[in-house]
Amino acid sequence: MRPLAGPLLPPASVAMDRRFAGGRVGPQSAQAYLQGLTARMLSATAFAAHEAHDPALWARVLLQLTQLLHAEWRAGRLLGQRQADAFFVRCDRTTMTQADVANGQLVALAGVAIIRPAEFAVFRIEQATGASGRR
């Protein structure tokens, strides 16, 4: 047996880190990527603060998040041969309660596969909308 240099990481962690850190090995790079991705998703949906809370807004948020994650997948940062294996986005009545809608709280779910295809890290993206419904 030969001694190993550096920290012992599972193979998926090494492959994941090489995609995010230019070949350097360390779990911090994947964590930093996910934090940055969260910030980009929040930024991409910030326009909701000035919009009416209705199905048209939900469709726009769905499109914005899908375009963002599609670009991440095409760049090789999300795993999967098919888009459905690399990420998913939902923003509809299944992600929000009636109370969320009444209080002007938009909720979207986004899942990304960064370790294995179809194994998703799921994010809950929340934005206050322009039409809160409170009187």
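Quick note: the coordinates plus some simple rules give every number you see, no bench work behind them. Every value quoted in this text rests on a predicted model; they were computed, and no experiment measured them. When we count neighbours, we look across all protein chains shown, and the Cβ atoms used for this are built from the backbone with ideal geometry, even at glycine.
For region 66-120, what are Rg and Dmax over the alpha carbons, in angstrom?
Spelled out, the Cα radius of gyration and Dmax of region 66-120 are 13.4, 39 Å.
How high is the FRET efficiency between I115 and R60 when r is their beta carbon distance and R₀ equals 25 Å, given to the nearest 0.05?
Calculated value: 0.25.
Given a Förster distance of 30 Å, report the FRET efficiency between A46 and Q98 from their Cβ-Cβ distance, rounded to the nearest 0.05.
0.80
Using a basic spin-label model with each label point 7 Å from the Cα along Cα→Cβ, how many nm lie between R124 and L34?
Modelled inter-label distance: 1.6 nm.
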